[in-house]
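Undergrad: Have a look at this one.
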């Protein structure tokens, strides 16, 4: 009898160790603990257990989606976030992270839809305006992108990236004075931004402010001689020939890898 009792006790201990007998809420809470510790793979195990026990567990789908997004498993994250939205159509965070996941997959149009829904539910979430602007710019909807950056700056007057990206778009639209004004703001907030000096120098060259252009390029070279030398020569050519090419601008997003990096950065920031 003693042997049977020991075997039974070991069996029960084993069940407890592997989570058997847990309720959906208990599994979810264990997932939350792992999520906060940034152990995303472990958190997914517990969230999965929670939805197995309760198919309508909205937050378990939501956080499992967040965990997958943090692991850059964007397609799988979208599935969970969509399920969460089906269960609760007013879950702003689900739209936001689903939008970021779609942006990472270069699906800008659908990402814009999700960011727009996020804004409708939570107008104070500046990230939704910011990343919607990036997607709009990728689709060459530049004037609408500027409107979104305007909103970001209205909410966060010290958002350096919003000034920088808006300046880039102004330059594409050949609104050089507005671009210079935005680069001024960037450099006031972050004086070591080499790209801002480079781009402002190019804008000044476009309006024939050779002294100002040379001053900006000189400052950029002081900050980083090697990186700036080739760029300096291209801008000098622009000043001498009056070319209107903006391809020499230093831009910080655009490629697939950069889109993924931006999305992941935003997801990590949102999940803090």
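Undergrad: Just want the ordering: 86, 171, from fewest to most Cβ atoms lying within 10 Å of their own Cβ.
TA: Lowest to highest Cβ neighbour count: 86, 171.
Undergrad: If you don't mind, another one. Can you put 101, 27, 144, 178 in order, fewest other beta carbons within 10 Å first?
TA: Listed from fewest to most nearby Cβ atoms, that is 144, 178, 27, 101.
Undergrad: Follow-up. Give me 117, 260 sorted ascending by neighbouring Cβ count inside 10 Å, so fewest comes first.
TA: 260, 117
Undergrad: Inverting the mean 1/r over all pairs of different Cα atoms, compute the Kirkwood radius of the range 81-182 and quote it in Å.
TA: This gives a value of 13.8 Å.
Just so you know, all these numbers are worked out from the coordinates, no wet-lab data involved. All values reported here derive from a predicted model rather than from experimental measurement. Note: ideal-geometry Cβ built from the backbone for every residue, glycine included; neighbour counts use all protein chains shown.
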